[in-house]
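Notes to accompany the following structure.
The values are calculated or read from the model by the stated rules, or taken from the named source; none is laboratory data. Source: prediction; values computed, not measured. Quick reminder, even Gly has a Cβ in these numbers, built from the backbone with ideal geometry, and neighbours come from all protein chains shown. The area values use the complete protein model at the heavy-atom level, side chains included, leaving out ligands, DNA and RNA. Shrake-Rupley method; radii C 1.70, N 1.55, O 1.52, S 1.80 Å.
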Amino acid sequence: MKTRSFITPLGFAAMAVAGLFACQAPAPADRTAENEKVVYGPYDTTYELPDVSGTIYYVAPDGDASAEGTTLETPTTIEAAISRVVTNDAIVMRGGTYRTGGLTFNQGITIQPYQDEKPVLNGTFVADNWQQDSDGVWVTDWERFFPGEPQSWWNKERNIESTPMHRFNNDCVFVNGDYLQSVGSKDELEEGTFFVDYDAKKIYLGTDPSGQLVEITAFNNAIIRTPEDVHGKTTDKRGPVIKGLEVTQYADISVLIDGLFPEEISPEEAHGNDAVGTVFENCSFTKALRVAVFAHGDSMVMRNCKIEDTNTEGLYIVASDDVLLERNIFAHNNIENWRGYFPAAVKIFNQSHRVVCRENLVTNQPNSNGIWYDVGNVDGVFVNNRVENVGQVDQAALGDKVWVGRSGFFFEISVGVIVAGNEFVNNNQGILILNAAGSEMYNNTFINSRASFGRTARGDGADHFGWHVTSGPGVEERENHVFVNNLLIDTVGMETPMLYVWQPAEMCERLSESTLKAVDNNVYVKMNKEESPLLALWSPAQNEECQARISDPADLNALYETFETNSKFYNGFDGALFSGDAQIVPGFEGHQVASDIPENIKKVAGWSNAQINFIGAR
């Protein structure tokens, strides 16, 4: 039986064997294959020397830049090694902290630790010369600054009160590894904050630095894999293999795998070719003031990595095909709580094809979306993931739109995705399918997490984001979704519907047929009995609001005779739903309504044909 473990303490709530209660989350569940232990995030290991056909360079924090670095006894610096490497070379890093950045190369190389040592790329310098000014405020002189500004589409009038302009600067101060929040003047300083005076080249602290490690950003980027000529070499179009590194405290993008950013609708073979086959394995990317990893390039793999404490995005994938994200931890994006932006722990953007997200943990995202396939994506796969604590469970959905709050899984203006075997626990929205086509949703478990589908007239023409909105299905093509064998559980008395299918009332005549083609064999559970339960809000409907209130699966079946024919609703449930490992107990009678799972779903989810039909995630 597959089990799962976590390398970092993530504060999961307890689970009562007798059933769910309050807002508590179940422990991680067994998933698919027999006798396989799933480990999220980095793990301890000892590395053999890389098996490469080229040269192995050894580097150390105190290495000698003039040394060749080809023996363990005479390491060079990381900067020197980066300038020398060619295709099929490797850099083996001794343990310790490398305060450096801008490590730029264009060759397919390997970077990894020596044996079990822990190399850290750190984008700060230590600040240890603090004085108190005449007002008693701690201050130091500084030379490296990273002023920034919002994107042109950011609505200043609407968002300036909650997101002041200084938040768009990329300078940051860390005290004992914890990041401080910026303020706009010296007068606003308080404990846990800092102020940057760019004119005077000074940084002020609201925290007493005495006896503490204070670090200030000194580099924008750690690693840049460029498609341009560099160090006298032309790109080989191969991505790097990076294993076992910790990369932390950079001002902008910690790791950039650069490449073509399409500026028009284009065939998939036209992009993703600048750095093919990048691998990130067993790495930690944390405390990036913008993005931890920004990647272009087909056939990228990120496995057993942790991305945490980032701002706009944790991982940003652009115009890349055949990407695999597996067994990673994505935690706490939008650390400065920017408003008017569109943050996501993972954003898959701009005509990416066949991106697979499998067995990842998305957690602790109160101010961010989880994993977002954003415009022009094709044939995604999202299976066997756990998504928890995204947005606020008690944030109400508004009747005139569907995108209020944050979504654990977001599929927008794109075509084709399989969503199966996932657990969505205590999220504002578990899933949001918006202006998209052809999603297939089988056997997911939603606990205090809404499932939402929406469509609008957006895409009839270009908008403030230009042509991107036209890179997905047309307005009349946003249909053919499937929602089958799902388990939706409410333990907290949700004020929002468990299932929300929405379109604006003014489109009721234009889009008179359902955006879903199949809705059946689902089980809805209200732990506490309600007099007027709200299972779903449904559009289109033949009334002024173009919306029907659904209190029982039979209500939806009355509107669409093929929908929810075999679904079941428990209004008040005091039996056992989950075993101690969060699997749905085999004896749960809701399993009896499950339908056969299509072969294509079984294949991508890793479910064997020997398994009997079941409801919810496995």
Amide proton proximity set for Ala275, modelled H, under 5 Å, gap of 5+: Asp298
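Packing-wise, with mean Cβ within 10 Å as the measure, how do 72-81, 419-428 rank, highest first?
Working: 72-81: 19.2, 419-428: 27.7.
The packing order, highest mean first, is 419-428, 72-81.
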Cross-link partners of Lys237 among aspartates and glutamates (Cα-Cα below 18 Å; sequence separation of 8 or more within a chain): Asp89, Glu228, Asp229, Asp258, Glu268, Glu269, Asp274, Asp298, Asp321, Asp322
Val126 paired with Ile612, simple spin-label distance in nm, labels 7 Å along Cα-to-beta-carbon: 6.4 nm
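Report, in listed order, any pair from Lys37/Lys603; Lys156/Lys201; Lys201/Lys287; Lys287/Lys603; Lys37/Lys568 with a Cα-Cα distance greater than 25 Å. Provide the component values of the computation, followed by the final result.
On the way: Lys37/Lys603 20 Å; Lys156/Lys201 27 Å; Lys201/Lys287 23 Å; Lys287/Lys603 37 Å; Lys37/Lys568 33 Å.
Pairs exceeding 25 Å: Lys156/Lys201; Lys287/Lys603; Lys37/Lys568.
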Among (i) 182; (ii) 157; (iii) 167, the entry derived from the coordinates for volume of the Cα convex hull per residue in Å³: (iii)
Packing-based ranking, highest mean first, of 561-574, 84-97, 272-285 given that Cβ atoms within 10 Å are counted: 272-285, 84-97, 561-574
Pairwise centroid distance, computed over Cα atoms, of region 503-539 with region 295-342, Å: 32 Å
Accessible-area order (highest first, 1.4 angstrom probe) of the listed residues Cys508, Cys305: Cys508, Cys305
Accessible area (Å², per residue) of region 125-217, counting only protein heavy atoms and a probe of 1.4 Å: 56 Å²
Accessible-area composition of the chain, carbon plus sulfur, in percent [1.4 Å probe]: 47 percent
Signed unit charges on C-beta, dipole axis of region 110-224, positive-most listed residue Thr163, Ala200, Gln151: Gln151
Modelled FRET efficiency - R0 60 Å, Glu509 with Asp135, Cβ distances, 0.05 increments: 0.35
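With the cut-off at 30 Å, report for region 375-617 the share of all Cα pairs above it, as a whole percent.
20 percent
Compute, for region 375-617, the length of the dipole vector about the Cα centre, with Cβ point charges of +1 (Lys, Arg) and -1 (Asp, Glu) only. Units Debye, rounded to 20.
Working: 15 positive and 31 negative charges, 109 e Å.
With Lys and Arg at +1 and Asp and Glu at -1, about 520 debye.
From the helices alone, meaning DSSP H stretches of at least four residues, give me the mean residue ellipticity at 222 nm for the chain, per-run term -39500 (n - 2.57), in deg cm²/dmol to the nearest 500. Intermediate values should be presented prior to the final figure.
Working: 4 runs with 25 residues, N = 618.
Helix-only estimate at 222 nm: -1000 deg cm²/dmol.
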Calculated FRET value between Lys156 and Ala558, using beta carbons and R₀ = 51 Å, to 0.05: 0.60
